[in-house]
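The structure appears below as structure tokens.
The values are calculated or read from the model by the stated rules, or taken from the named source; none is laboratory data. Worth saying up front: this structure is predicted, and the values here are computed from it rather than measured. For neighbour counting, all protein chains shown are included, and Cβ atoms are generated from backbone atoms with ideal geometry for every residue, glycine included. Areas reflect the complete protein model, heavy atoms only, side chains present, ligands, DNA and RNA absent. Shrake-Rupley method; radii C 1.70, N 1.55, O 1.52, S 1.80 Å.
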Amino acid sequence: MGRRLLLGTLGLGALGVLAAPPLQRGLESLFAGDPTGLTGLLPNGGGFRYYSVTSSVPHKGPADYRLTIDGLVDRPRSYTLADLKALPQTRLVHDVQCVTGWRVPGTPFEGVRLSQILDAAGVRPTARAIRFTCFDGAYTESLTLRQARRPDVLVAHRMQDKALGHDHGGPVRLYVAPMYFYKSAKWLSGITVTEDVRPGYWEDRGYDVDAWVGRSNGRDDAPTS
């Protein structure tokens, strides 16, 4: 591949991450059927594309990973990876749908239901939402408290029946099965219980806060659950 074509391809991949949904949908239409083969050159592991909003992300493992829960709770605490693995585990299998158009069918995720962590922390009556932060230092996400308590929302440490790797947001990520994949924040490090929803990284850039698959962002994808 020539240098210009390579750089153009990489630029297209970056644009697919940075653009707002209308521009992304335009790119999907442009490459429908992929007659050029260019989309196959974008990073894609097992059907997934690697997205990050920072130039680099630190690696964390069992020795230095911590997940904190704080905010409007009676019992704030910090979890190690071993702590999370020792809690009751849930395994879910659903399609993963990205708002940029790609879909990975029948993907298993395993971890702790977010509702279990919230119950253990003792959520206060004034709480209405959750804010998630990540150890990449930039990404944030949010859910309403009602959404966060759904049984198909996990603090996940396994994907495709193996430990969650760094490129997929490991060692721990959020997994919100019925919503577009940008809600499933990678490299999860903080859960803060708040009074109101605070829009996340992509919501500040034009994405819908309530990101139900097929019912948001102007898309009509089939539901994932």
The range 138-225 accessible area per residue, 1.4 Å probe, protein heavy atoms, integer Å², reads 38
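How much net charge surrounds E141 when only other residues with a Cβ under 14 Å from its Cβ are counted (Lys, Arg +1; Asp, Glu -1)?
Within the 14 Å Cβ shell, the charges total +1.
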Taking every alpha carbon pair in the range 157-207 and sorting the distances into 10 angstrom bins from 0 up to the bin holding the longest one, the percent per bin comes out as 23, 49, 25, 4
Put H166, H59 in order of accessible area, largest first, probe 1.4 Å, and you get H59, H166
Largest-first ranking of S78, S142, S189, S56 by accessible area, probe 1.4 Å, whole protein assembly kept, is S56, S78, S189, S142
A correct Kirkwood calculation over the Cα atoms of the range 80-165 returns a hydrodynamic radius in Å of 14.4
Surrounding charge for D83, neighbours by C-beta under 12 angstrom, Lys/Arg +1, Asp/Glu -1, total +3
